[in-house]
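Please read the structure below before turning to the comments.
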Amino acid sequence: MPALHDFTFSPGASWIWSADAKRPYNNIVLFRRSFDLGDDASAHLLITADSRYEVYVNGQWLGFGPPRAWPSPWPVDAYDLTGLLQPGRNTVAVIVQHWGLSTFQYLHGEPGLLAELQINDAGGSRQITTDSRWQCTPSTAHGWPVLRASCMQAWEEQFDARELAADWNLPTFDDQSWPFAKPQRFAGAGEHAAFQLRDIPMLTCDRTPPIRVMA
């Protein structure tokens, strides 16, 4: 892995977004990228977004981010995909939320997803970056209009699970009707002129069972 303060994406990596995300605020877009792997595959995923992302690999939840930061250097999260990949078809799926306004923890910037898969398998080493081969569609499961959580924060989450296919993040999902993403700008252009890898621990999503039933 590169050092924290000299990280760059591979040439050709672009911020991508949906041409159909047309809300005035709080656009939420679903992204997918499927690819084939040979035997004995390993990979790392480098990912960031403006404003926030939640990422899955083959339906397995990985995490969310990036952490709050100044626009530049902008944080990038790294995930080791060991144990999550399979020979044949694999899929990275991402939910990206763009708030569309500044808050007490975020300065408004252009929307987008930026990611790079660094892959090694029987066929050799290669990179898959965010480009026009990713597919995306605005989420109809996330409600709008909604209230802001407070004057210091962004939006409430109102979610209707009936509007999102349970297998949308799996390799078997039929995404032929999904449009292709539109590249917006190359990595390093725009507000996020420089990047650094996350230097604080990842947030976790843990189930905490109750100690006892009170009533």
- Query: Tell me, what ³J(HN,Hα) does each residue in the range 164-181 have, in order and in whole Hz, if you take phi through Karplus 6.51 cos²θ - 1.76 cosθ + 1.60 with θ = phi - 60° and put x for Gly and Pro?
  - Reply: 10, 4, 4, 9, 4, 9, 9, x, 7, 5, 7, 9, 4, 7, 6, x, 7, 5
- Label SER42 and LEU101 with points 7 Å out from Cα along Cα→Cβ: what is the distance between them in nm? 4.7 nm
- Item | Charge dipole (the chain, unit charges on Cβ, about Cα centre) - positive-most of ILE211, VAL55, LEU37 | ILE211
- What residues qualify as long-range amide H neighbours of TRP155, i.e. H under 5 Å apart, gap of 5 or more or another chain, H built at 1.01 Å from N? ALA149
- Summing +1 for each Lys or Arg and -1 for each Asp or Glu, what net charge is found among the other residues whose Cβ lies under 14 Å from the Cβ of PRO87? -3
- Query: On full extension of the chain, what length is gained from LYS22 through GLN86, given 0.36 nm per residue of separation minus the C-alpha to C-alpha distance?
  - Reply: 19.4 nm
- Task: Please work out the average accessible area per residue across the chain, using the 1.4 Å probe convention, and give it in Å².
- Result: 54 Å²
- Global geometry of the range 1-156, whether rounded, prolate or oblate, following the gyration tensor of its Cα atoms and the 1.5 cut on a/c: prolate
- Apply 1/(1 + (r/R0)^6) to the Cβ-Cβ distance of GLU157 and ASP199, taking R0 = 25 Å, and write down the FRET efficiency to the nearest 0.05. 0.35
- Query: Taking the Cα centre of the chain as the origin, how large is its charge dipole in debye, to the nearest 20, when only Lys and Arg (+1) and Asp and Glu (-1) carry charge on their Cβ atoms?
  - Reply: 460 debye
- Message: Can you list residues from other chains, or at least 5 along the same chain, whose modelled amide H is less than 5 Å from the amide H of ASN27?
- Response: HIS98
- Note on the structure: Sorted by chain and then number, the residues having a modelled amide H within less than 5 Å of the amide H of GLN196, at least 5 places away or on another chain, are TRP74, VAL76
- In Å², nearest 10: area of HIS108 left accessible to a 1.4 Å probe: 100 Å²
- Pairs of Cα atoms under 8 Å, at least six residues apart: use those to get the relative contact order of the range 107-198, whole percent. 28 percent
- Fully extended contour minus Cα-Cα distance, from ASN120 to THR140, at 0.36 nm per residue: 3.6 nm
- Query: Which GluC sites (Glu not before Pro) from the range 129-215 combine a DSSP loop assignment with at most 15 other Cβ atoms within 10 Å?
  - Reply: GLU156, GLU157, GLU191
- Item | Full-stretch length increase - ASP167, GLU191 - with 0.36 nm per residue and alpha-carbon distance subtracted | 5.2 nm
- Quick shape check on the range 168-215: root eigenvalues a ≥ b ≥ c of the Cα gyration tensor, a/c under 1.5 is rounded, otherwise prolate if a/b tops b/c, else oblate, and it reads oblate
- Of the accessible area of the range 23-113, computed with a 1.4 Å probe and all protein chains kept, carbon and sulfur make up a percent value of 50 percent
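The values are calculated or read from the model by the stated rules, or taken from the named source; none is laboratory data. Note that the structure is a prediction, hence the values are computed from the model and not measured. Positions of Cβ are generated from backbone atoms using ideal geometry, with glycine treated the same way; all protein chains shown enter the neighbour counts. Each accessible area value is taken on the protein alone, full model and side chains, heavy atoms only, with ligands, DNA and RNA left out. Shrake-Rupley method; radii C 1.70, N 1.55, O 1.52, S 1.80 Å.
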